[in-house]
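Quick one: this structure, given as structure tokens, is what I'll be asking you about.
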Amino acid sequence: MSKDKKPEYLGVTVPISLVGPTEKELKLSDDLVQTLKDNGLFETEQEAQKRVVVLGKLNLMAKDFVYRVSKLKGFPDSLAKEAGGKIFTFGSYRLGVHGAGADIDTLCVVPKHVEREQFFTIMYEMLKERSEVTEITAVPDAYVPLIKLHFSGIPIDFVCARLAIARVPDDLQLSDNNLLKNLDERCVRSINGSRVTDEILRLVPDISAFRTALRTVKLWAKKRGVYSNVIGFLGGVAWAMLVARICQLYPNACSATIIARFFRILHRWKWPQPVLLKNLEDGPLQVRVWNPKLYPADRNHRMPIITPAYPSMCATHNVTDSTKAIMIKEFQRGEELSENIMLGKGTWDLLFEKSDFFHAYRHYLQVIATSDSLETQLKWSGLVESRFRQLVLKLELVDMLILAHPYVKGIDKVHYCLNEKEKQDASRGVYSNERSFSLSEGGMEKNHLELIKENTGLTAEEESTMSTIYSTTFYIGLYVEPKTGTRKLNLIWPTSEFVKLVKSWDHFDENQMKVVMKTIKRCCGG
């Protein structure tokens, strides 16, 4: 092979096998697709069309946003209209693996005269004014700053990138590395979501097999409680890269075979050997590209999975010793089950059995974040969740504690309180079931007053003095060494440090926000 001739495979190594599927494997793949359908993973044509309409509205809003800022900067009308603005999708929607009710990761690209901060003020207010928009909250301090909202009931994670160009045309593509020149780091991170997604699709040999396999892995990870980047497991992009790598190693395999190989290979993977979809590339920026030989921090990554778009980054820097151990155990379970399924000794639904997190440990640490309005609670619980991994890292240093297992999401409730004592109790996780209700995303703004009247015979006086407390409860399962002698588990240091950490937030308000931590015996999930 000549030096200039490109290898005829995708990935950093030759494939393990080029063998195509057998009839039996194709039948197992069909069974797998049916199981995914039974789990409601494919949206209807009507739902798909609704997403297209919402994205169309957001695209028009992006142009209007740029136009308004241009006019504020004194641009003549013709130039303000030409300045453009465009949205791109990334994540599961762009990969074609989103399910019914899934969020859409959306990027708003703006020209250089629009300031990032204006996205969180002007665009935020424009969105807030729309009747279709609910549950909107801005998170400008996040690693990738974003606005979270529901638009016509569809969850949207909206990020912004300001490019060093005078106008953003409708035919703009983001694949050119030179577009990253003169951007601040937050813009590079924001734009990279879209660039990484497009690169993943380019690097898989069979997109159809990849999509079915990735839908499978996402459902499995959610059911088994290992799907959450912020908590310390893996997020959607990391799971996508792992599946893409297995597809590269078995380019002609069907989805059932890819799933069986996925669990077998990842259970045996020699971490911290990185997972790469292509060799790392240099580019025009003076920015860090992931390199453990150069950067000590990169050597600390426990399960490095590296993004394929320049500048390459580790998508899994949040993984802790505990979450890594939990995922490896789940890979082992997945390997055993998928091997049996391939041998005809089981069905795919066994793979998707729900995790028994709330019965798996004798002791749990409960973190209860409360506030007195929904808008405040969305910000406060988001902040507590974003710092939750720091608590896990501190717990891992505690004597006698073998493993700290974080539950992947907080449990949201609203409590209708008749007096000050009930408000205090609710903030400590003690509440009346008659006047406390679970909340789910998309239904956070629901009013339960009529239901309370129906069930409790609420008086007019009680109704006039009633107030609401919103709570989000997070859990960590504690795997503790058996007691020997007088040694006792002591959680005072990690818990008090965590309380200090979240209360040091710039927007913390002692009068509105509370956080309470307590250990409880085996529970039932709030």
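The values are calculated or read from the model by the stated rules, or taken from the named source; none is laboratory data. Worth saying up front: this structure is predicted, and the values here are computed from it rather than measured. Heads up, the Cβs are rebuilt from the backbone with ideal geometry, glycines too, and the neighbour counts pull from every protein chain shown. For accessibility, only protein heavy atoms count, side chains too; no ligands or nucleic acids. Shrake-Rupley method; radii C 1.70, N 1.55, O 1.52, S 1.80 Å.
For Asn490 and Ala325, calculate 0.36 nm times their separation in residues minus their Cα-Cα distance, and state this gained length in nm to one decimal.
Details: separation 165, 0.36 × 165 = 59.40 nm, distance 2.24 nm.
Contour length minus Cα-Cα distance gives 57.2 nm.
Using Cα-Cα distances under 8 Å and only pairs 6 or more residues apart, what relative contact order does the range 297-423 have, in percent?
Numbers: 68 pairs, mean separation 25.6, N = 127.
Dividing the mean separation by the residue count of the range 297-423 yields 20 percent.
Projecting each Cα onto the charge dipole of the chain (Lys/Arg +1, Asp/Glu -1 at the beta carbon, about the Cα centre), which of Tyr361, Tyr431, Leu285 comes out farthest on the positive side?
Leu285
In square angstrom, what is the accessible area per residue of the range 382-513 with a 1.4 angstrom probe? Working shown, then result.
On the way: 7290 Å² over 132 residues.
About 55 Å² of surface per residue is accessible.
On to the next question. Taking 0.36 nm per residue of separation and subtracting the Cα-Cα distance, what length does fully extending Ser440 through Phe508 add? Write down the numbers at each step before the final one.
Details: separation 68, 0.36 × 68 = 24.48 nm, distance 2.43 nm.
Full extension of this stretch gives 22.1 nm more.
Over all pairs of distinct alpha carbons, what does the Kirkwood formula give as the hydrodynamic radius of the range 118-191, in Å? Numbers along the way, then the final one.
Numbers: mean 1/r = 0.0733 Å⁻¹.
13.6 Å is the Kirkwood radius here.
Express the accessible area of the range 198-242 per residue in Å², computed with a 1.4 Å probe while the remaining protein chains stay in the model.
With the other protein chains kept in place, the range 198-242 gives 27 Å² per residue.
What whole number of Å gives the distance from the Cα centroid of the range 79-126 to the Cα centroid of the range 354-384?
Cα centroid of the range 354-384 versus Cα centroid of the range 79-126: 30 Å apart.
Over the chain, calculate the relative contact order: mean separation of alpha carbon pairs under 8 Å at least 6 apart, over the residue count, as a percent. Don't jump to the answer; show the numbers that get you there.
Details: 881 pairs, mean separation 75.7, N = 526.
Contact order relative to length: 14 percent.
I've got another one for you. Just tell me the longest site-free run in the chain, where the sites are GluC sites (Glu not before Pro) in a DSSP loop having at most 12 other beta-carbon atoms within 10 Å. Don't jump to the answer; show the numbers that get you there.
On the way: sites that count: Glu8, Glu281, Glu353, Glu445, Glu510.
It runs 9-280.
Additional query: Return the distance in nm (one decimal) between the two label points of a simple spin-label model at Lys421 and Lys278, each offset 7 Å from Cα along Cα→Cβ.
Reported label-point gap for Lys421 and Lys278 is 6.7 nm.
Restricting to Cα pairs below 8 Å that are 6+ residues apart, what does the relative contact order work out to for the range 199-275? Please round to a whole percent.
On the way: 66 pairs, mean separation 28.0, N = 77.
Worked out over the range 199-275, it gives 36 percent.
Cross-link partners among aspartates and glutamates for Lys270, C-alpha distance below 17 Å, same-chain residues fewer than 8 apart left out?
Asp298, Asp321, Glu330, Glu335
Next question, about the same structure. Keeping the other protein chains in place, figure out the carbon and sulfur percent of the accessible area of the chain, with a 1.4 Å probe. Could the numbers behind the result be given before it?
Numbers: 12750 of 25220 Å².
Solvent-exposed carbon and sulfur of the chain make up 51 percent of the total.
If each of Asp77 and Lys500 carries a label point 7 Å out from its Cα toward its Cβ, how far apart are those two points in nm?
That separation, rounded to one decimal, is 6.0 nm.
Something else about it: Does the range 299-417 come out rounded, prolate or oblate by the C-alpha gyration tensor, with a ≥ b ≥ c the root eigenvalues, rounded set by a/c under 1.5 and, if not, prolate when a/b is larger than b/c and oblate if not? It would help to have the intermediate numbers written out before the result.
Working: a/c = 1.72, a/b = 1.36, b/c = 1.26.
Cα axes put the range 299-417 in the prolate bin.
Still on this structure: Give me the number: length gained by fully extending Ser373 to Tyr479, i.e. 0.36 nm times residue separation minus the C-alpha to C-alpha distance, one decimal in nm. Could you put the intermediate results ahead of the total?
Details: separation 106, 0.36 × 106 = 38.16 nm, distance 3.51 nm.
Full extension of this stretch gives 34.6 nm more.
For the range 14-153, what is the accessible area per residue in Å² when the probe is 1.4 Å?
Working: 6800 Å² over 140 residues.
Accessible surface, normalised per residue, equals 49 Å².
Using a Cα-Cα cut-off of under 28 Å, which lysines could be cross-linked to Lys57, ignoring same-chain neighbours fewer than 8 residues away?
Once the sequence-local lysines are set aside, what remains near Lys57 is Lys71, Lys73, Lys81, Lys86, Lys112, Lys128, Lys148, Lys379, Lys446.
What nm value, rounded to one decimal, do you get for the distance between Lys24 and Glu336 when each label is placed 7 Å out toward the C-beta?
The modelled label-to-label distance comes out at 2.2 nm.
Rounded to the nearest 0.05, what FRET efficiency is calculated for Leu201 and Thr459 with R0 set to 45 Å and r the Cβ-Cβ distance? Each step should come with its number before you reach the end.
Numbers: r = 60 Å, r/R0 = 1.34.
For Leu201 and Thr459, the calculated efficiency is 0.15.
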